[in-house]
1. Of the residues that sit in region 35-66 and are among the hydrophobic types (A, V, I, L, M, F, W, C) and away from ligand 2 (no atom under 16 Å from the Cβ), which one is nearest to Thr207 (Cα to Cα)?
2. Please tell me if Lys175 is more than 16 Å from ligand 2 (Cβ to nearest atom), closer than 22 Å to Glu32 by Cβ, among the basic types (Lys, Arg) and modelled with pLDDT under 95.
3. Any chance region 159-168 includes a residue that's under 23 Å from Val34 (Cβ atoms), touching a residue at least 60 places away in the same chain (Cβ under 8 Å), in contact with a His (Cβ under 9 Å, 6 or more places away or on another chain) and surrounded by fewer than 23 Cβ atoms within 10 Å (Cβ to Cβ)?
4. Please go through region 38-59 and give me each residue that is more than 9 Å from ligand 1 (Cβ to nearest atom) and touching a residue at least 60 places away in the same chain (Cβ under 8 Å), ordered by number.
5. Take Leu94 and tell me if it is more than 30 Å from Glu141 (Cβ to Cβ) and touching a helix residue (DSSP H, G or I) at 6+ places or on another chain (Cβ under 7 Å).
6. Out of the residues in region 175-233 that are among the acidic types (Asp, Glu) and free of Cβ contacts under 8 Å to residues at least 40 places away in the same chain, which is surrounded by the fewest Cβ atoms within 10 Å (Cβ to Cβ)?
7. Can you go through Ala151, Ala100, Ala78 and tell me which one is free of Cβ contacts under 8 Å to residues at least 40 places away in the same chain and of a type in the set (A, V, I, L, M)?
8. Kindly indicate which of Ile76, Ile95, Ile69 is within 27 Å of Leu156 (Cβ to Cβ), among the hydrophobic types (A, V, I, L, M, F, W, C), away from ligand 2 (no atom under 16 Å from the Cβ) and at pLDDT 95 or above.
Amino acid sequence: MIEIKDLHKSYKTGSNTLHVLKGINFNVAEGELVSIMGSSGSGKSTLLNILGMLDEADQGSYTLDGVPIKNLNEKIAARYRNRFLGFVFQSFNLINYKTALDNVALPLYYQGMKRKERLERAMAYLDKVGLTAWAQHLPNELSGGQKQRVAIARALASDPKVLLADEPTGALDTKTSYEVMDLIQKINEEGRTILIVTHEHDIAEMTKRIVNLKDGVIIDDRKVDQVKALQHV
Ligand SMILES: Nc1ncnc2c1ncn2[C@@H]1O[C@H](COP(=O)(O)OP(=O)(O)OP(=O)(O)O)[C@@H](O)[C@H]1O
Ligand SMILES: [Mg+2]
């Protein structure tokens, strides 16, 4: 699903150049659930943003579902992003003045889906994350865990091949984190490919593979025996 070869990325600030990714090689097969770990500043978000086509590498190749991701114009990049990728962030990134339902339906609006169809579809995804009763509520009326579940429903609504989550449990307490991980595990069991950036070992152990980044390279990449989140909830 994802093939990355010798990926490099630097940031230039003034006269300084910061070499953040120094030759990343990494493949992810369809249906995997992978966590990316590493200390603060090790380049986890940089890598995830490149995988999510929110940023471009300076060097190396990236192939997503057989499509080489390079030098795409903004329109085509946006189309691929929509078709292939769903995003979940630590801070949820919901639109405050829109209901849970409208937040989930918004990406479908951008895809040109008709109103009735997109609301039905958004409702089905809210149902999937257990929030049918909260459809008409605004984000500030929801708990952190509920907000993240809305964000997950929104990410899934366009049926992406890959779900990318940058510290999805970073703003949540332990119990709520495990509930969100339980949902993520269920979505993965349905066959969805998922990559999660996390700082927390207990969260990483709920995935099936842990990739460790240090000083711009992968220092460890191993399959793990997945801990089921539900046994902690
Ligand atoms: N747009 C940018 N411009 C300049 N430097 C950047 C930019 N984005 C990230 N960096 C720098 O690149 C390095 C890697 O950042 P990145 O956000 O990928 O780290 P991270 O592993 O996600 O860290 P954290 O765990 O704190 O989220 C950091 O030193 C950061 O300051
Ligand atoms: Mg980060």
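The values are calculated or read from the model by the stated rules, or taken from the named source; none is laboratory data. Because the structure is predicted, anything quoted here is derived from the model rather than measured. Quick reminder, even Gly has a Cβ in these numbers, built from the backbone with ideal geometry, and neighbours come from all protein chains shown. With ligands, DNA and RNA removed, areas are computed over all heavy atoms of the protein, side chains included. Shrake-Rupley method; radii C 1.70, N 1.55, O 1.52, S 1.80 Å.
1. Leu64
2. Answer is no for this residue.
3. Yes, the conditions are met somewhere in region 159-168.
4. Answer for region 38-59, where residues must be more than 9 Å from ligand 1 (Cβ to nearest atom) and touching a residue at least 60 places away in the same chain (Cβ under 8 Å): Leu51, Gly52.
5. Judged against the criteria, Leu94 is not a match.
6. Asp225
7. Ala78
8. Within the list Ile76, Ile95, Ile69, the selection yields Ile95.
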